[in-house]
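The values are calculated or read from the model by the stated rules, or taken from the named source; none is laboratory data. As the structure is a computational prediction, the values presented were derived from the model and not from experiment. With ideal geometry, Cβ positions are generated from the backbone for all residues, glycine too; neighbour counts draw on all protein chains shown. Surface accessibility is based on the protein's heavy atoms, side chains included, excluding ligands, DNA and RNA. Shrake-Rupley method; radii C 1.70, N 1.55, O 1.52, S 1.80 Å.
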Amino acid sequence: MASIRQRNGHYQITVSLGYDIYGKKLIETASFTPDPTRTEKQQERDLQQFARKFEEEVKSGITQDGHKITFKAFSDRWLSEYAVTNLQPGTVTKYTQELEGKIYPAIGHLKLADLKPGVLNSFFAGLAKDGARIDGKPGGYSKASITKTRNVVSAILRTAVEWEVIDRNPCEKVKLSSGVETAEQIKFFTPEQTKTFLTYIEAPYTLKVTRHHRVDDTGIPYTVGDYKIHKEIPEQIRILFNMAIYTGLRKGEILALEFSDVNFETDTISVTKAATVVKGKQICKQPKTKMSVRTITIPHDLTLRIADLRKSREQFKSDVGDFWQGGDWIFVQDNGQMMNYSTPYQALQDVLRRYNADRPTEEQLPMIPFHGLRHTAATLLIAAGVDVRTISARLGHALTSTTLNIYIHALKESDRKAANAVSALLEE
């Protein structure tokens, strides 16, 4: 509610806009001078109408001025009025994390009009410096990560221009320093490592259990000596890894696959949805972009494995009866519900730790995240000489420039091999 205070023959109307990142109260004020020709009751009515209208304008953003409103105050409004309506829930969550973790602490207190290109350039440059990471890891953020942060800031400022709060988007004049993503920033398997990994997951493995103490049903303690357990990686997990490497699908796209998405005649899969987690709940949604809706060819051997998995799944559903709570998902939990969003990462880390346990450092596989299998798929396609447009379409990128920016390291290596091949041919 607007507050009204009389001052020297006129009235000051104040409307609160909340607080900035440092707890400072944000307010908008206006002055009202009553018409002396009107009665006292009419003047009071005019004052109340003016105050109500001014408060409505402030709350709707009409009176917002880039010289008065902070980046945080405007961003909070942008999240509630624009982002929630126009962006996917997962994207809103990521934007909020970027704002609260990196952006607000640095520039949230600044007025929009004070966000000049030089100020933003210093902010983005600082993110690349050692000690900038909020997770405490050494070094700064990668260029790809800083680009995502810049995109969040730019999207908000672009809306500020459209809402006529500021005249222009200062992010348009900011150029991030050109840096090449390294293998440390984009983690993936080389072709040789990929072969090693795929071979390893097909073989049985042995778990060594060391001597330990137990208590029997009567409460009497006893000791169990060293022993070994022979196990195999579950078939659906092996298919999961193969699917990621051979298709380059995002984790959410893989988890959302159903058997009905597989064309067993043409060896293709249809990507029409993706799993994500919103407010702690795992849901299915539309894919990231229009280009993410696509049909991808898979190796015939992988098609056969999926078909066999479907047969064994039907038998399992028959055996467990009402315990089964799922639908047609390819990758599931024990009760048939969609595989948990964290399972692919955990399963991959378990395999890599087990493989590396008894091997010297030079023979170990890199501890890549599950998304690293998507990067692996892309770099394998580049190494195989597949053109960028095809790779981009297969990955579901909206623009080929996205593919080029992410995988510039692999493209340069491929270009180097091409030059060496020509040189070798001419020398012969």
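Key figures
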{"quantity": "Candidates Thr343, Thr379, Thr276: whichever shows maximal mean-square fluctuation once the chain is modelled as a Gaussian network with Cα springs under 10 Å", "calculated": "Thr343"}
{"quantity": "Cβ-defined net charge surrounding Thr159, 14 Å radius [Lys, Arg +1; Asp, Glu -1]", "calculated": "-3"}
{"quantity": "Label-point separation in nm, Ala113 to Ala398, each point 7 Å along Cα→Cβ", "calculated": "3.2 nm"}
{"quantity": "Cα-based shape type of segment 296-347, given that a ≥ b ≥ c are square roots of the gyration tensor eigenvalues and the cut on a/c is 1.5", "calculated": "oblate"}
{"quantity": "Under the Karplus curve 6.51 cos²θ - 1.76 cosθ + 1.60, θ = phi - 60°, whole-Hz ³J(HN,Hα) for segment 309-323, x wherever Gly or Pro sits", "calculated": "5, 5, 5, 5, 5, 4, 5, 5, 4, 5, 6, 8, x, 5, 4"}
{"quantity": "Charge tally in the Cβ shell below 12 Å around Asp308, where Lys, Arg are +1 and Asp, Glu are -1, Asp308 excluded", "calculated": "+2"}
{"quantity": "Fluctuation leader among Arg150, Arg38, Arg294 - the chain, Gaussian network, Cα springs under 10 angstrom", "calculated": "Arg38"}
{"quantity": "Farthest positive-ward along the chain dipole, Cα basis, beta-carbon charges - from Gly9, Leu79, Val351", "calculated": "Gly9"}
{"quantity": "Cα-based equivalent ellipsoid, segment 201-291: semi-axes from gyration tensor eigenvalues, Å", "calculated": "42, 19, 11"}
{"quantity": "Selection from Leu304, Ile269, Cys284 lying farthest towards where the dipole of segment 253-321 points positive, charges on Cβ", "calculated": "Cys284"}
{"quantity": "Karplus-derived HN-Hα couplings along segment 344-356 (A = 6.51, B = -1.76, C = 1.60, θ = phi - 60°), whole Hz, x at Gly and Pro", "calculated": "x, 5, 4, 5, 5, 5, 4, 5, 5, 5, 5, 5, 7"}
{"quantity": "Förster-model FRET efficiency, 22 Å R0, Ser270 and Val386, C-beta, rounded to 0.05", "calculated": "0.55"}
{"quantity": "Virtual spin-label span in nm between Asp334 and Ser318, 7 Å along Cα→Cβ", "calculated": "2.3 nm"}
{"quantity": "Global form of segment 285-388, assessed from the alpha-carbon gyration tensor, a/c cut-off 1.5", "calculated": "oblate"}
{"quantity": "Environment charge at His371 (Cβ cut-off 9 Å; Lys +1, Arg +1, Asp -1, Glu -1)", "calculated": "+4"}
{"quantity": "Over the chain: helical MRE at 222 nm, DSSP H runs n ≥ 4 each giving -39500 (n - 2.57), nearest 500", "calculated": "-13500 deg cm²/dmol"}
{"quantity": "For segment 184-233, projected area of the alpha-carbon convex hull averaged over all directions, nm²", "calculated": "6.4 nm²"}
{"quantity": "Sequence of Tyr141, Tyr246 from largest to smallest accessible area, 1.4 Å probe", "calculated": "Tyr246, Tyr141"}
{"quantity": "Long-range HN-HN contacts of Ala128 with modeled amide H, under 5 Å", "calculated": "Tyr141"}
{"quantity": "Under 20 Å between alpha carbons - lysine pairs in segment 253-365 that sit 8 or more apart or on different chains", "calculated": "5"}
{"quantity": "Additional length obtainable on full extension of the chain from Gln49 to Arg5, 0.36 nm per residue less Cα span", "calculated": "14.4 nm"}
{"quantity": "Dipole in debye (nearest 20) - segment 185-333, about Cα centre, beta carbon charges: Lys, Arg +1; Asp, Glu -1", "calculated": "800 debye"}
{"quantity": "10 Å-binned pair-distance histogram of the chain (Cα, whole percent)", "calculated": "4, 15, 21, 20, 16, 11, 7, 4, 2, 0, 0"}
{"quantity": "Mean projection area, nm², convex hull over Cα of segment 56-176", "calculated": "7.3 nm²"}
{"quantity": "Binned Cα-Cα distance frequencies in segment 142-239 - 5 Å width, integer %", "calculated": "2, 9, 10, 9, 8, 7, 8, 8, 8, 7, 7, 6, 5, 4, 3, 1"}
{"quantity": "Given charges at Cβ of Lys, Arg, Asp, Glu: segment 76-229 dipole, positive-most of Ile220, Thr210, Pro170", "calculated": "Pro170"}
{"quantity": "From phi via Karplus (6.51, -1.76, 1.60), per-residue ³J(HN,Hα) for segment 102-115 in Hz, x at Gly/Pro", "calculated": "10, 7, 4, x, 9, 10, x, 7, 7, 5, 4, 5, 8, 7"}
